[in-house]
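Chemist: Sharing a structure here in structure tokens format.
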Ligand SMILES: NC(=[NH2+])NCCC[C@H](N)C(=O)O
Ligand SMILES: [Mn+2]
Ligand SMILES: [Mn+2]
């Protein structure tokens with residue numbers, strides 16, 4: 001793994017309705033992430049947080065069923081530029097959210113450096129909605145579709161090229177809440193999805209082994225987009241859209257350890273940590289623990 005990490009905080013909360021997720025990057029830093037990674041002998045450069053526009057709350061813009069479109073697009077354009085510079089400089093970008101709409105910017109910044117960027121979408125949700133299919137108008141439910149080039153051009157057009165990723169290079173892990181439009185898109189595009197059904201049925205070891213084998217063959221880099229709501233709400237309570245019956249803490253560590261062994265992750269983001277909804281910063285601590293495993297922590 002690349003031993004030089006650059007951290008970028010993306011305190012975005014405009015892609016959904018629950019306040020507090022903008023404090024996610026601070027919560028993750030307070031949970032000791034830098035010390036943890038330095039112990040693992042990484043050179044860690046914390047670039048601080050990008051600036052997220054703060055719209056007047058009384059004038060929330062909903063255009064084409066896209067809440068705060070202008071601000072979300074602006075924040076993501078900035079994030080895309082920062083991430084692009086990090087990859088350009090040969091360092092590993094590690095991004096802290098913020099709501100999951102920030103994956104629009106991350107992927108826009110990362111994917112131009114790869115012919116076939118793989119994406120692991122670790123999430124209870126597919127985040128494959130568009131303004132037309134979204135039940136909520138919340139852009140955090142849309143970033144994977146946007147990255148496939150499907151959605152409003154203010155979002156798909158960030159960094160001037162589209163699409164950012166190909167459907168056959170995506171693996172979704174942990175899905176248990178998919179809207180009708182998302183299910184259709186998954187079928188239409190042939191996206192690989194391991195729902196909780198497959199995780200229960202096959203076991204996490206097999207699910208991750210298959211995912212690794214699948215992506216290793218076809219990609220030249222792999223981005224891990226980890227939404228903390230992929231985990232069970234008992235293990236990660238501080239998230240805005242919890243869904244029962246999720247991936248356990250132990251299964252998640254196993255997944256990260258297997259990704260570390262495969263030595264193929266080239267960028268990562270940890271999103272949807274909301275300290276206002278959390279219990280004593282548990283969810284940020286879980287995120288930091290998972291980063292420990294992802295970056296090679298071992299007991300023996
Ligand atoms: N990143 C997330 N937590 N996404 C939740 C999305 C929930 C729902 N599918 C929606 O579109 O509103
Ligand atoms: Mn989610
Ligand atoms: Mn998500």
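Chemist: Compute the Kirkwood hydrodynamic radius of the range 89-198, taking the inverse of the mean of 1/r over all pairs of distinct Cα atoms, and give it in Å to one decimal. Please list the in-between numbers first.
Modeler: Values: mean 1/r = 0.0710 Å⁻¹.
Value: 14.1 Å, from the Cα pair sum.
Chemist: Another question about this same structure. Could you grab the relative contact order for the chain? Cα pairs under 8 Å, six or more apart, rounded to a whole percent. List each step's numbers first, then the result.
Modeler: Working: 685 pairs, mean separation 68.9, N = 300.
Computed value for the chain: 23 percent relative contact order.
Chemist: Using alpha carbons only, how many angstrom separate the centre of the range 180-223 from the centre of the range 82-98?
Modeler: Rounded to whole Å, the Cα centres lie 25 Å apart.
Chemist: Continuing with this model, one more query. Can you compute log10 of I(q)/I(0) for the range 126-264 with the Debye formula, treating each Cα as one identical point scatterer, at q = 0.21 Å⁻¹?
Modeler: Rounded to two decimals, the profile gives -1.44.
Chemist: Follow-up. For residue 39 and residue 262, what does the FRET efficiency come to when R0 = 25 Å and r is the distance between their Cβ atoms, rounded to the nearest 0.05? Please report the intermediate quantities before stating the final value.
Modeler: Working: r = 22 Å, r/R0 = 0.88.
The pair residue 39/residue 262 has a calculated efficiency of 0.70.
Chemist: Using only the Cα atoms of the range 1-73, what do you get for the radius of gyration and for Dmax, in Å?
Modeler: Cα radius of gyration and Dmax of the range 1-73 are 15.9, 47 Å respectively.
Chemist: Using the C-alpha atoms of the range 4-294, what convex hull volume per residue, in cubic angstrom, is computed?
Modeler: Numbers: hull volume 32.2 nm³, N = 291.
In the range 4-294, the Cα convex hull volume per residue is 111 Å³.
Chemist: Still on this structure, I have one more. Express as a percent, rounded to the nearest 5, the fraction of DSSP beta bridges in the range 4-294 (both residues included) that run antiparallel. Don't jump to the answer; show the numbers that get you there.
Modeler: Working: 2 of 38 bridges.
Counting only bridges with both partners in the range 4-294, antiparallel ones make up about 5 percent.
Chemist: Can you give me the P(r) profile for the range 244-300? Cα pairs, bins 5 angstrom wide beginning at 0, each as a whole percent.
Modeler: Histogram of Cα-Cα distances, whole percents per bin: 4, 17, 25, 26, 16, 9, 3, 0.
Chemist: So what's Rg/Rh here for the range 1-122, counting alpha carbon atoms and using the Kirkwood radius for Rh? It would help to have the intermediate numbers written out before the result.
Modeler: Values: Rg = 15.1 Å, Rh = 15.2 Å.
Rg/Rh for the range 1-122 comes to 0.99.
Chemist: Same structure again: Fully extended, how many nm does the chain gain between residue 2 and residue 161 (0.36 nm per residue separation, minus their Cα-Cα distance)?
Modeler: Working: separation 159, 0.36 × 159 = 57.24 nm, distance 2.66 nm.
Length gained, residue 2 through residue 161: 54.6 nm.
Chemist: Follow-up. Give the calculated FRET efficiency between residue 113 and residue 59 to the nearest 0.05, with a Förster radius of 45 Å applied to their Cβ-Cβ distance. Mind showing how you got there, number by number?
Modeler: Details: r = 37 Å, r/R0 = 0.83.
Here the calculated transfer efficiency is 0.75.
All of the numbers you see were taken from the coordinates with simple rules; none came from a lab. Just so you know, these numbers come straight off a predicted model, no measurement behind them. Counting neighbours? That spans all protein chains shown, and the Cβs are built from the backbone with ideal geometry, glycine included.
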